[in-house]
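Comments concern the structure below.
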Amino acid sequence: MSTKKSPEELKTIFQKYAAKEGDPDQLSKDELKALIQAEFPSLLTGSSTLDDLFKELDKNGDGEVSFEEFQVLVQNIPQ
Ligand SMILES: [Ca+2]
Ligand SMILES: [Ca+2]
């Protein structure tokens, strides 16, 4: 199963999960967790934990992941 998604699909996925609580344009850690578990479970195999991923993604350290920050994750998914 390929995890490759088009930019439009990614935006749709991001918005679906980001809108669950708080700022609809930002993923909280809980929202990121739900997104990853449902859409990219392969990211949590091996040594990466959700905490590691979240820290890595939240480049500006505001405690939430924006769509720009989220795209970094997707580029790192092994195809
Ligand atoms: Ca949110
Ligand atoms: Ca951030």
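The values are calculated or read from the model by the stated rules, or taken from the named source; none is laboratory data. Worth saying up front: this structure is predicted, and the values here are computed from it rather than measured. No Cβ is skipped: glycine too gets one built from the backbone with ideal geometry, and neighbour counts run over all protein chains shown. Accessible surface is based on the protein model in full, side chains and every heavy atom, while ligands, DNA and RNA are left aside. Shrake-Rupley method; radii C 1.70, N 1.55, O 1.52, S 1.80 Å.
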Item to check | Residue that is nearest to Gln75 (Cα to Cα), among those in segment 10-25 that are open to solvent by 60 Å² or more (accessible area, probe 1.4 Å) and within 15 Å of ligand 2 (Cβ to nearest atom) | outcome: Asp25
Next on the checklist: When you scan segment 66-75, do you find a residue that is touching a residue at least 24 places away in the same chain (Cβ under 8 Å) and either away from ligand 2 (no atom under 16 Å from the Cβ) or open to solvent by 50 Å² or more (accessible area, probe 1.4 Å) (or both), even just one?
Outcome noted: yes
Checklist entry - Any idea how many residues of segment 58-79 are within 16 Å of ligand 1 (Cβ to nearest atom) and either in a loop (DSSP other than H, G, I, E, B) or farther than 14 Å from Leu10 by Cβ (or both)? => result 5
Next on the checklist: I need the full set of residues from segment 26-57 which are open to solvent by less than 20 Å² (accessible area, probe 1.4 Å) and assigned to a loop (DSSP other than H, G, I, E, B), in order please.
Outcome noted: Ser28, Phe40
